[in-house]
Amino acid sequence: MVESESLSGKVYVVTGANSGIGFFAARRFAELGATVVLVCRNEQKGSLAMQDIIEQSGNSNVSLCLADFSSLASVSKLADKLLQDFPKIDVLCNNAGGANATRIETVEGFETTFVSNHLSGFLLTKKLMPAILEAAKTDLARVVFTSSDGHLNSALDLDDLSLQKNYGTLKAYGRSKLMNLLIAREMQTRLAGTNVVTSSFHPGVVRTSIWSKGGAVARILGMVMYPFMVNIEPGSDTFIWLASSLEQGSIHADGNYFFKRKRAKIADFATDEAASRLWQKSEELIAPY
Ligand SMILES: NC(=O)c1ccc[n+]([C@@H]2O[C@H](COP(=O)([O-])OP(=O)(O)OC[C@H]3O[C@@H](n4cnc5c(N)ncnc54)[C@H](OP(=O)(O)O)[C@@H]3O)[C@@H](O)[C@H]2O)c1
């Protein structure tokens, strides 16, 4: 269990909070006294998670907001509501994510994995930045991205972000997770001189429902990996540490990528230049929202 001080008075926003490591981390933040906003796409699952967390933590400052991350319009609406309700946001956890068996283009014209795992979190973070910077005026504020070692085999193609060519479930997923770590790094560079710390992490190969989603490839991979998977508690440890610990390593995460609370190996192609170009391209794509 991560040692953290009381989070009383702090506002935590956690996306993908109805299950898996997002649920576990959100419950821990509530146990530590934070005001926690669960961001979920399904109202029923979100309400059940909220009730569970309130009961188990004894903290009633837990609320639910709905948004589908496959839609930038939906995420933009979510951001507006959050800004209205919370002028100060101490910690944003960009955790929602998944894999998709086939290439599905959204009504907004993006490949689903790309928008759900990367572009929506990017839009949300950009729109919430005034509230995050407000928190950073008085204390440390943090943005944490749930990435994955899946990024290691998935080089970026900035000319084909929506994977028009050669779609593959793992390729789309891995690239989106590469984007998470690149954006965390670039964001830290851009926030230099502020009191905001960004980071990304690999949770490990964790026994969550993510393996039952994303079609046959994800299911087969899940079955093969099952004996080697870790439980949700150790899978959430680095997440909770980066989002709430007062240890120097987490306070000075400096935009880096972590596994088991330590800086972890990143792909050679995860360069500063790729991060900067991805940022610019992503900004262009979210501009209408
Ligand atoms: N499990 C692992 O081994 C592993 C390894 C590396 C990285 N990760 C990352 O860890 C994060 C959490 O995954 P998990 O393993 O805890 O699995 P999970 O239990 O399936 O959690 C994923 C969460 O993201 C939400 N989500 C997915 N697509 C969404 C969308 N379009 N809009 C809104 N919410 C959406 C899910 O909501 P629904 O319940 O409605 O689908 C769920 O709450 C993900 O980013 C994943 O990529 C997991």
(message) Pull out all pairs, ordered by first then second residue, where Cβ-Cβ is under 8 Å, the residues are six or more apart or on different chains, the first lies in segment 187-208 and is on the phi > 0 side of the Ramachandran plot, and the second is buried (at least 20 other Cβ atoms within 10 Å of the Cβ).
(response) Gly204/Gly235
(request) Kindly check whether there is at least one residue in segment 33-55 that is closer than 25 Å to Trp211 by Cα, of a type in the set (Gly, Ala, Ser) and in contact with a Lys or Arg (Cβ under 9 Å, 6 or more places away or on another chain). (result) yes
(request) Can you work out which of the residues in segment 205-240 that are buried (at least 20 other Cβ atoms within 10 Å of the Cβ) and outside any helix (DSSP H, G or I) is farthest from the ligand (Cβ to nearest atom)? (result) Gly214
(request) Would you list the helices (runs of 4 or more DSSP H) that sit entirely within segment 1-91 and hold 1 or more residues that are touching a residue at least 60 places away in the same chain (Cβ under 8 Å) and surrounded by 18 or more Cβ atoms within 10 Å (Cβ to Cβ)? (result) 20-31, 72-85
(message) Can you go through Lys126, Lys165, Lys177 and tell me which one is within 13 Å of Asn94 (Cβ to Cβ), basic (Lys, Arg) and surrounded by fewer than 21 Cβ atoms within 10 Å (Cβ to Cβ)?
(response) Lys126
(message) If the requirement is being more than 23 Å from Tyr167 (Cβ to Cβ), more than 9 Å from the ligand (Cβ to nearest atom) and out of contact with any helix residue (DSSP H, G or I) (no Cβ under 8 Å at 6 or more places or on another chain), which of these qualifies: Ser60, Ser47?
(response) Ser47
(message) Quick check on segment 244-257. Is at least one of its residues of a type in the set (A, V, I, L, M, F, W, C), within 14 Å of the ligand (Cβ to nearest atom) and over 17 Å from Ser19 (Cβ atoms)?
(response) no
(request) Check whether at least one residue in segment 141-155 is touching a Phe, Trp or Tyr at 6+ places or on another chain (Cβ under 9 Å) and either of a type in the set (Lys, Arg) or under 20 Å from Ile104 (Cα atoms) (or both), and report yes or no. (result) yes
(request) Answer with yes or no whether Asn166 is within 16 Å of the ligand (Cβ to nearest atom), over 19 Å from the mean Cα position of the chain (by Cα) and more than 20 Å from Ser19 (Cα to Cα). (result) no
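Computed from the coordinates by the stated procedures, all read-outs in this text should not be read as laboratory data. Just so you know, these numbers come straight off a predicted model, no measurement behind them. Glycine also receives a Cβ, built like all others from the backbone with ideal geometry; neighbour counts cover every protein chain displayed.
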